[in-house]
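The next block holds one structure in the form of structure tokens; read it before the comments.
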Amino acid sequence: MTAQTRILELVRDEAQLLTDLGDVDMLVRLVGPSRLVLLGEATHGTHEFYRLRAELTRRLIVDKGFDAVAVEADWPAALRVSRYAQGSDDDSSAESALRGFERFPRWMWRNTEVSDWIEWLRQRNCSVPEESAQVGFFGLDLYSLRESMNAVLLYLDRTDPEAARRARARYACFDEVAQDPQAYGHAVHFGLREDCEREVLLQLRDLCGDSSRLRHDGAAATDELFYAQQNALVVRNAEAYYRTMFSGRSDSWNLRDQHMADTLHALDRHLTAQRGRPARIVVWAHNSHLGDARATESARRGQWNLGQLVRESQTRPNESFLLGFTTHTGLVAAATDWDMPVEFKPIVPSRPDSIEGLLHDSGLDRFVLALREGSDALQHALSRERLQRAIGVIYRPDTERWSHYFGASVSRQFDALVHLDTTHALQPLDADAISQHTEEPETYPSGV
């Protein structure tokens, strides 16, 4: 018996079949007592990944009392959706609330799966008697430089006009480049203008360090102060991110994922204080952010990610749970380049030397592998570094080996893995933005 044959037997023996995407009982059981549950995706445009994440999150909210969903999205746009989900009438529907996602790639959040799930969350929140028990929807990312500056100013205009005047003077440092933060980073890097590091740091300190003078009596006002502080943090970290973009990929990658971790931990502290018990949060993001970077080749480049930082910050065993997703082939919603229309692209069948290829060779269609709870033999068999595919908002099949594959030890990267052999494209809400496919961005080359 060859080593490959033995591994395939282990996979078949320990695989837990998924007969229906709505049947997530086994995944709920695997989550166990974990209170930070990180749900990944191998692409940013697969219908089944979004559906399974939504179903599992629904069960975690209903059965285990989870408090929030934190996603790979901008803080201001996600907060607009959260307000709708928590009963605000500023938007008439989830589709309307999701219009806050204006920049590329809109389909990542403006799609039918997310819209339907947000409508469910609003109905669920409206049925909860205590307003403090409602579940929110929050963004972890840092691309919203201009929007977050505007949100800080709007908050201070309402609560402290003098502080708003100071904030405007500081943020004026960006002048017209706030509309094009990459141009700001380029100009600073090549010495064409001064940076705004001091100004945004002073504003963050002003808002966070002397908040006692602001009106924040009551839970709702405390929430609004927290939201404003997080927007100020986004501004500070976005300034640093765009300034480091031209210095090297590792620096900007690490800054971005550190920001995600800092935002998640700040949300955790805020909700813990609000609930009077440790908060329970679900995270939705790409595998490349949620699978422990120490188990991937990126660690050799000095990169870390959100999953690693969450695991390293655990205060007790199994406080977190990392779930990865893989697929062998199908269709995916993705673009050919940055700011180009979304297309329904065929996914090239996975390489035979990849983890996806191995799982495909098992002959099983849809299944879960419990890696943390699995046998020592399975963990050892899947500990060897293999290629793993990451399709982001950009998919380039012609350069797939170099654009979308990286080395990873899957049994150390995740606590469990979902494999869906053939998958389908996510359906964007904006049908006019779809470019049918017939046969250097911030997160170049794969847009994750």
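The values are calculated or read from the model by the stated rules, or taken from the named source; none is laboratory data. Remember, predicted model here, so these are calculated numbers, not experimental data. Neighbour counts run over all protein chains shown; Cβ positions are idealised from the backbone, glycine included. Quick note on the areas: whole protein, heavy atoms, side chains included, nothing else; ligands and nucleic acids left out. Shrake-Rupley method; radii C 1.70, N 1.55, O 1.52, S 1.80 Å.
Take the conditions within 24 Å of PRO428 (Cα to Cα) and open to solvent by 40 Å² or more (accessible area, probe 1.4 Å) and apply them to VAL348. Does it pass?
yes
Within region 256-312, how many residues are part of a helix (DSSP H, G or I), farther than 18 Å from ARG372 by Cβ and either open to solvent by 40 Å² or more (accessible area, probe 1.4 Å) or of a type outside the set (A, V, I, L, M, F, W, C) (or both)?
So the count comes out to 21.
Taking the options GLY100, GLY139, name whichever one is of a type outside the set (S, T, N, Q) and in contact with a Lys or Arg (Cβ under 9 Å, 6 or more places away or on another chain).
Of GLY100, GLY139, the one residue that is of a type outside the set (S, T, N, Q) and in contact with a Lys or Arg (Cβ under 9 Å, 6 or more places away or on another chain) is GLY100.
Which count do you get for residues in region 231-249 that are under 17 Å from LEU79 (Cβ atoms) and surrounded by 24 or more Cβ atoms within 10 Å (Cβ to Cβ)?
So the count comes out to 5.
Taking the criterion of being modelled with pLDDT of 95 or more, open to solvent by 80 Å² or more (accessible area, probe 1.4 Å) and not in a loop (DSSP other than H, G, I, E, B), would at least one residue in region 177-191 satisfy it?
For region 177-191, residues modelled with pLDDT of 95 or more, open to solvent by 80 Å² or more (accessible area, probe 1.4 Å) and not in a loop (DSSP other than H, G, I, E, B): absent.
Within the group VAL128, VAL135, VAL177, which residue is out of contact with any helix residue (DSSP H, G or I) (no Cβ under 9 Å at 6 or more places or on another chain) and more than 24 Å from ALA425 (Cα to Cα)?
Checking each option against the conditions leaves just VAL128.
Helices (runs of 4 or more DSSP H) wholly in region 1-113 with at least 1 residues that are open to solvent by 60 Å² or more (accessible area, probe 1.4 Å) and not small (Gly, Ala, Ser) - which ones?
3-14, 25-31, 47-64, 75-85
Of all strands (runs of 3 or more DSSP E) completely enclosed by region 330-408, which ones contain at least 2 residues that are within 25 Å of THR19 (Cα to Cα) and at pLDDT 95 or above?
Once the strands (runs of 3 or more DSSP E) in region 330-408 are filtered for at least 2 residues that are within 25 Å of THR19 (Cα to Cα) and at pLDDT 95 or above, what remains is 343-347, 366-370, 386-389.
What tally of residues in region 409-445 results from selecting those that are in a helix (DSSP H, G or I), modelled with pLDDT of 95 or more and of a type in the set (Gly, Ala, Ser)?
1
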